[in-house]
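In what follows, a structure is listed as structure tokens, so that the remarks can point back to it.
The values are calculated or read from the model by the stated rules, or taken from the named source; none is laboratory data. All values reported here derive from a predicted model rather than from experimental measurement. A quick note on method: Cβ atoms are made from the backbone with ideal geometry, for glycine too, and the neighbour counts reach across all protein chains shown. With ligands, DNA and RNA removed, areas are computed over all heavy atoms of the protein, side chains included. Shrake-Rupley method; radii C 1.70, N 1.55, O 1.52, S 1.80 Å.
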Amino acid sequence: MIGAKTLDDLGWPSLVEHWAKRCATSRGAAAVRALQLFATAVEARERAAEIAEARRLASLNAPLPLGNIADIASAIERVRKAAALDAPELVAVATTGRAYARLRGHLREHGEAAPRLAARAQVIPDLGHVFHPILEAFDADGRLVDHASEALGPLRRALAALRAQLEKRMGTLLTDERFAPYLQDAYYTQREDRYVLPVRTDGKGFVRGIVHGTSQSGQTLFIEPEEIVDLNNRAKLAEAEVLDEERRILVKFSGWVAEEADGFAAALGAAEVLDVIAAAAIMADDTVAAEPIIDDAPRVGLLHARHPLMLLAERRCVANDITVAAGTTLVISGPNAGGKTVALKTTGLAALMTRAGLHLTAESGSAMGWFPDVRTDIGDAQDLEHDLSTFSGHMVNLREVLGTAGSGSLVLIDEIAVGTDPDQGAALAQAVLEALAERGVTSIVTTHYERLKALGATGEKFANASVGFDMARLEPTFKLHLGTPGSSGALSVARRMGIPVDVVERARELIGANVVKVEELLANVAEQQRRLEEERAALLAELEAAESDRAAARALRERSQQRFEKQTRAAHGEALASLKSARREIEEVRRELRARQLAAEVSLDDVKAATKRIAEPGGVVAKHEPKRQLPPGTPATADKMVPSAPVIVPRIGRAEVVAMLADDKVEVRVGAMRAIVPLADVLVDTHRAARRAQERERPPEPAVVVVDTTLVDGQPAGGRANARTMDTTVDVRGNRVDEAVAQVDRFVDESLVAGRDTVFVIHGHGTGALRSAVRQHLAAHKGIDKFRAGEQSEGGDGVTVAFLKG
């Protein structure tokens, strides 16, 4: 058992209350509030796995259906004793039974995702033969319906007929001249479920009947006239028969529930446990918790741990790594209000949450040892009622710790041995910690004592840690640094809290130069650690961004490859179909020739003519031959090969003539590259030649600007591009600007040679530098008519679509 003081010190009751509020049933909330921690690590691991299954179901949009489950335990106990339940109780039992069936069916359906929870639901029996007839016998208001039994409907109709007859008779009596003059008012009412008339006291002798009462003023008598006494009696008897039949039905239904009392009790217990697990899963999701590694060794290995109560209160909380080896002591130092106590309580709550099988508010991979005993000394131990000062109160707590703690215990002490002479307190604190270490106790203490900081640096079973302090802003960072002691920063804190500067400087003089230097050294170490961690965080962020970009690029490549393969398969299929059709026609020609040869009607010349007919343009084979797209140009002649003349060399693309050489050779230039090619391989680029002639005749056009993608009549204002394929796309991501521009330039030239209308340049988003450079280059390119940013389906602003001039 963990002591009540420890639970209160760590805030466990508050955490339990948050847990209970997330329960869907009153029994689940009561079970959480009365929860006992698990006695073994095996039980805790099993519960943690069950919570993980509940979270998995929630992530699949299939959370445990725990609605409409009432606390029917008292009703079940009553039917065990042969008591009859009333209508609301029976409706509650039946509704809860239906909820049990829904819960069992849900977990049976999702048994693969939550096998442990499905096993728990197997103890819920099939109670449909009990709750279905009960629910069918009641209406939405919880009243028995007429068909609840064969007799109930006729009895209710007979009663309704008598009441209608009574009301009709009472209506006639209101206008009867024998009664009308003596009535207090023209209405009738009921007293003791019998119809009566309101008669003035002065007319009681004129209206014969039974008096059932008077008004509060005493001026009115409520009299049942003799004429309707028999009808009233018959109505009362009919009403009694209806009530007897309804009571008989309730007794019958209560007997059905009693027969399945054990089944209802088993379902009640299973639903209670499942509600506790579901509430723990909700709390884990709310705090972004993770399933811990529950270690048998008494150690602490928390990664990016956060205080759960601070998260639940939606307060800012700095995540910290907390590591303590089994049987060792972690000494945490640093400034006041810097987060030392928060780290202490975070560890203690993690130990208790592990004992309860809960998920921890830390990153996945965090480990928490199994601590059967947790002891704390946190807060002011002063107790005036028992004549205990702060120091003596702490000594009482330390006495109990030293008397009970042993191997496997977790001891958490905040500001050990404070409230007395610092030298004596530090010595006493060291002696206590050494005694605990000898017993194999795992402990965490906070302190300002230099002696304990030195112990953490030199002792084999001790380690130092400190909370950070921002020297520039003179405020704590709440970041825990393992392995180094920290400066208490009392003078800095005092200055931050408004103590006059001259007072702070005087204090600095009084403590001596050596102490000041040590404090400054520790502060500088903490500052360096803070900067290193900030740089590390920045590098990790950049690494994550790079990984994200690489993943996106990989996905894009895979999609492009899939599209290419799909297009290739489609083209291959079309080619096969054409080939098969051509083969069929060739076979038909062959059969015709064979038939004519057999008939001696064909000569060798006829065979040659038929074969030529098959192969000639427009013939069978030519008709199915894929159309080749020839480069746009005319055959070159020597007289046209003047310097700078635009030409096309199919092997290398668009080029310009450098010089005409001997032996019908031409030297051409493609960018910075030169080549010598045969004149027969050169075509005159008529398109570029015509454009150059037009440009010389007209004034310069304004620079091309980026066209937006605003829709006009359902089409992009910048022009509708053809579907993007591998052949019309160039990806320049990851290149330097100059490399990317050169790659785009080559691709545009190739596209112009191939006669494409549109090209897609993938440059990504990034900082925008690459995008700007590519678009500036396209704006100045003579072969680009216009361009625009990609539409959402084309890649958005990470893609530029360029339209080539014809």
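Could you work out [θ]222 nm for the chain from helices alone, using -39500 (n - 2.57) per DSSP H run of at least four and dividing by all its residues? Round to the nearest 500 deg cm²/dmol.
It lands at -16500 deg cm²/dmol.
Given H placed on each backbone N at 1.01 Å, which residues far from residue 224 in sequence or on other chains put an amide H within less than 5 Å of it?
When sequence neighbours closer than 5 places are left aside, the close amide H contacts are 197, 210, 211, 212.
Quote the charge dipole size of the chain about the Cα centre in Debye, to the nearest 20; the model charges only the Cβ of Lys and Arg (+1) and of Asp and Glu (-1). Could the numbers behind the result be given before it?
Values: 101 positive and 114 negative charges, 650 e Å.
In total the dipole reaches around 3120 debye.
Please calculate how many Å² of accessible area the chain carries per residue, with a 1.4 Å probe and no DNA, RNA or ligand atoms counted.
Spelled out: the 1.4 Å probe surface of the chain, per residue, equals 53 Å².
Just to confirm my numbers, what's the Cα centroid distance between segment 316-349 and segment 193-253 in Å?
Rounded to whole Å, the Cα centres lie 79 Å apart.
Classify segment 283-371 from the C-alpha gyration tensor, please: rounded if a/c falls under 1.5, else prolate or oblate depending on whether a/b exceeds b/c.
oblate
Compute the longest continuous run of the chain that contains no exposed GluC sites (Glu not before Pro); treat a site as exposed when its DSSP state is not H, G, I, E or B and it has at most 13 other Cβ atoms within 10 Å.
Answer from the scan: 602-806.
At R0 = 60 Å, how high is the FRET efficiency between residue 535 and residue 661 if r is their beta carbon distance? Nearest 0.05 is fine.
0.45
Using each residue's phi in segment 112-122, evaluate 6.51 cos²θ - 1.76 cosθ + 1.60 at θ = phi - 60° and report the 3J(HN,Hα) Karplus result to the nearest Hz, with x for Gly and Pro.
So the Karplus estimates, Gly and Pro as x, are 5, 7, 9, x, 5, 5, 5, 5, 5, 6, 5 Hz.
Using the Cα centre as the reference, give the magnitude of the dipole from point charges on the C-beta atoms of segment 80-133 (Lys, Arg: +1; Asp, Glu: -1; all else neutral), rounded to the nearest 20 debye. Mind showing how you got there, number by number?
On the way: 8 positive and 5 negative charges, 37 e Å.
Computed about the Cα centre, the dipole is about 180 debye.
Based on C-alpha coordinates, I'd like the Rg and Dmax of segment 101-181, in Å.
Here Rg and the maximum Cα pair distance are 25.9, 82 Å.
For a paramagnetic label modelled at 7 Å from the Cα of residue 247 toward its Cβ, which residues of segment 149-171 fall within the zone defined by backbone nitrogen distances under 11 Å?
Output list for this probe position: empty.
Please name which of 180, 759, 271 has its Cα lying farthest along the dipole of the chain towards the positive end, using unit charges on Cβ (Lys, Arg +1; Asp, Glu -1) and the Cα centre as origin.
759
Could you compute the FRET efficiency for residue 126 and residue 36, with r as their C-beta to C-beta distance and R0 at 56 Å, rounded to 0.05?
It comes to 0.95.
Given R₀ = 30 Å, FRET efficiency for residue 404-residue 49 by Cβ-Cβ distance, to 0.05?
0.40
Rounded to whole Hz and in sequence order, give me ³J(HN,Hα) for segment 71-83 from the Karplus expression 6.51 cos²θ - 1.76 cosθ + 1.60, θ = phi - 60°, writing x for Gly and Pro.
Per-residue couplings from phi come out as 7, 9, 4, 5, 5, 5, 5, 5, 5, 4, 9, 6, 7 Hz.
For labels at residue 579 and residue 5 in the simple 7 Å Cα→Cβ model, what's the distance in nm?
Once both label points are built, they end up 9.0 nm from each other.
State the Kirkwood hydrodynamic radius of segment 327-472 in Å, one decimal place, computed from all pairs of distinct Cα atoms. Write down the numbers at each step before the final one.
Details: mean 1/r = 0.0629 Å⁻¹.
Every distinct Cα pair counted, the radius reaches 15.9 Å.
Return the percentage of antiparallel bridges among DSSP beta bridges fully within segment 408-488, rounded to the nearest 5 %.
Here the antiparallel bridges make up roughly 55 percent for segment 408-488.
Carbon-plus-sulfur fraction of the accessible area of the chain, 1.4 Å probe, in percent?
Details: 22760 of 42880 Å².
Roughly 53 percent, rounded to a whole number.
List the residues, sorted by chain then number, that are 5 or more residues from residue 184 or on another chain and whose placed amide H is less than 5 Å from its amide H.
Those lying under 5 Å, H to H, from residue 184 are 199, 200.
Quick one: check the C-alpha center-to-center distance for segment 108-184 versus segment 420-451, whole angstrom.
74 Å
For residue 410, list long-range residues whose amide hydrogen, built 1.01 Å from N in the peptide plane, is under 5 Å from its own amide hydrogen.
373, 374, 375
Within segment 5-88, which trypsin sites (Lys or Arg not before Pro) sit in a loop by DSSP and count at most 10 neighbouring Cβ atoms inside 10 Å?
Passing both the DSSP loop test and the Cβ count: 81.
Expressed in nm², what is the orientationally averaged projection area of the convex hull enclosing the Cα positions of the chain?
Computing the convex hull of the Cα atoms and averaging its projections yields 78.7 nm².
Gap in Å between the Cα centre of segment 780-806 and the Cα centre of segment 281-296?
Cα centroid of segment 281-296 versus Cα centroid of segment 780-806: 50 Å apart.
Looking at segment 135-212, which chymotrypsin sites (Phe, Trp or Tyr not before Pro) are in a loop (DSSP not H, G, I, E or B) and have at most 14 other Cβ atoms within 10 Å? Please report the intermediate quantities before stating the final value.
Values: sites: 138, 179, 182, 187, 188, 195, 206; in loops: 179, 187, 188, 206.
Within segment 135-212, the qualifying chymotrypsin sites (Phe, Trp or Tyr not before Pro) (loop, at most 14 other Cβ atoms within 10 Å) are 187, 206.
Measuring from label point to label point, each 7 Å out along Cα→Cβ, what is the residue 793 to residue 326 span in nm?
Distance between label points: 6.3 nm.
Please turn the phi angles of segment 209-225 into ³J(HN,Hα) values with the Karplus equation 6.51 cos²θ - 1.76 cosθ + 1.60 (θ = phi - 60°), one per residue in order, whole Hz, x for glycine and proline.
Result, ordered by residue: x, 9, 7, 10, x, 10, 7, 4, 7, x, 8, 10, 10, 9, 10, 8, x Hz.
Label residue 454 and residue 392 with points 7 Å out from Cα along Cα→Cβ: what is the distance between them in nm?
3.2 nm
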